Each structure stands twice: as structure tokens, then as C-alpha cells.
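The values are calculated or read from the model by the stated rules, or taken from the named source; none is laboratory data. For clarity, every value in this text was computed on a predicted model and none was experimentally measured. Don't worry about glycine lacking a Cβ; one is built from the backbone with ideal geometry, like all the others, and counts go over all protein chains shown.
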Amino acid sequence: MRIENVNKENYINVLPNNENGKKFTFLDESVYAYRDKERIFAIPNEVLQEVLDEINLDLINLNIPIFIIPDQLMLFNEKTNMYIGEYFQGKAYNTHIILGGREIKPTKENIGCLVIHEIGHILMYKALNCTWDTSDKVLEEYKKLRGIPEKWKNINNANWYTRPAEIFAEDFRYLFGADYMLIDPYDKDSDFVKMYGKDLENAPTQEIKNYMIKLLNSLNGI
């Protein structure tokens, strides 16, 4: 995995459009003045690299870019003909990950759980040759191994903790994250509890770990 920085000068050529075809635009100072920019922190390259180095799995087969983007990079909403005033904490697409500004100063402890979760989505997308919209069709084997009810789907499911693709990404975090990546600083009280149970009785097993390693190895024809 490689880190790429996006800025006002290079974003048109560097950052891909997302799968919905929405185009990113860099807001100038006059449009952007409404936001308290002093409260937004970009993620330093060295912090992100340290997180990647400390994941308990060789990620060489997941050769995708992680784009660090500034808060001023916005999506254009064609329906309203306006720019959406939001930044990306983190989002995985089938070809890349984008990481945006943070409301707290970034440290490896407070971005580690986010980064490894998004990498879990990338493993799913690449190894199962899917996108978010097609993931329900390719997760049947995983759902059976994991004991996930058949009625639980990703699409049109408001409950984050019952979406199979989110369980997959959280399982990846649980199984391969360094200790500090297992504590979500944004949601300490319910970390893993809603998904795995109060005593983590539904945490992923060695069988799920072996399955994910098999998926990763399949990307190199192993």
C-alpha cells in the first residue's frame, strides 16, 4: 500500500473520482471561509506509515493508494448544484482509500482503528471482486462461516453493526490490528460490543482469520 498526498495543485490528476462519478473540487478561500480551519488536522504521512507498518499482516498484495486529502476538497452535488460541505474521515473504494481531516490532532492511536477497518473493506473488494453495491452477492461463504443471518444485508440496512461488509471490516481490525487499533477513541463505550456482544462472545474465530489470510493470498495466486 502506498501513501499519496493530495493538494490544490495536483488533485485533478491524482485523486480518482468515486464510483458514483461525483467530481471532487477544491474550494477557494472565499467559499471555504465558513469553516473553522484551525480545528481540522491533516494526517501526517509518518503517522499513517507507522500504522501501516504495525498491522499484523503483510499487505503487499493490497497494492492500492491511500490518499490523504485536505478538508477543502469537496464533492459536487449535481442535484442541488452545490458543493457538499463535508470532509472524509475515511472511506474505502474498490481502487483506493481516502483519508480526510480530523477534528482532533491525529496520532497513530486515534487513526489506527479507522485505517485498518478501511483496509478490511479493500481486502473484500479486491479478493471478492466486488463493490459495496455488489458485496451482498459475494459474501455468502463468509456469512456461513461467520454465522451471520441470511436476512442481514448491506444494502438498505440502517444498522451498521448488522451489515455483513461492516462485520467483515471489523473482523479484519480485530484479527490483524495492533493492540492500539482495537480501541476506537470516537466510540470507546461501545467498541466491538454491539457487534460482538458484551463479553465479545461473537468475536471472529481462527477459522475466520484463516479465511481472510486465504483471501489475501489469492490476490497473488498463492
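Given (1) surrounded by fewer than 20 Cβ atoms within 10 Å (Cβ to Cβ); (2) modelled with pLDDT of 90 or more, identify the lone condition not met by Ile66.
Condition (1) is where Ile66 drops out.
Take the range 152-168 and flag every residue that is within 15 Å of Lys137 (Cβ to Cβ) and among the β-branched types (Val, Ile, Thr).
Ile155
Could you check Arg35 against (1) surrounded by 13 or more Cβ atoms within 10 Å (Cβ to Cβ); (2) basic (Lys, Arg); (3) at pLDDT 80 or above and say which number it fails?
Unmet for Arg35, out of (1) surrounded by 13 or more Cβ atoms within 10 Å (Cβ to Cβ); (2) basic (Lys, Arg); (3) at pLDDT 80 or above: (3).
Which condition from (1) assigned to a loop (DSSP other than H, G, I, E, B); (2) of a type outside the set (Ser, Thr, Tyr); (3) at pLDDT 80 or above; (4) under 30 Å from Phe172 (Cα atoms) is the one that Ile104 breaks?
Tallying (1) assigned to a loop (DSSP other than H, G, I, E, B); (2) of a type outside the set (Ser, Thr, Tyr); (3) at pLDDT 80 or above; (4) under 30 Å from Phe172 (Cα atoms), Ile104 fails exactly one: (3).
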